[in-house]
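The values are calculated or read from the model by the stated rules, or taken from the named source; none is laboratory data. What you see is a predicted model, and the numbers here were worked out from it, not measured in a lab. Backbone-built Cβ (ideal geometry, glycine too); neighbour counts: all protein chains shown.
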Amino acid sequence: MTSWRPLTSDLSEGVPPFDGEPVLIATNHRGKSRVHRAIWTNKIHGGDIFGWAVEDCKFGPYALRGYTVVTHWMPLPEPPR
């Protein structure tokens, strides 16, 4: 199983893919931690806005708001067999 990696500039920790590949991200907003399936994109809402976009399988992808801090990331796990 893959483990959570801190989102830092330390390349020894590994860097998330910035090519639209889905990953899991952990966020912290006002002391509440959450996990999201997300992609890094420059096509949020069809424009040139770049950043993490959360896929919610309903309205998404939509941009994370600026006050939400992404703290960790990890590749998606393999699906169950």
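Summary of values
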item: Contacts under 7 angstrom Cβ, first residue in segment 29-45 being among the basic types (Lys, Arg), partner modelled with pLDDT of 85 or more, 6 or more apart; result: Arg34/Thr27; Arg37/Pro22; Arg37/Leu24
item: Every residue from segment 1-51 that is modelled with pLDDT under 80, surrounded by 13 or more Cβ atoms within 10 Å (Cβ to Cβ) and part of a strand (DSSP E or B); result: Thr41, Lys43, Ile44, Phe50, Gly51
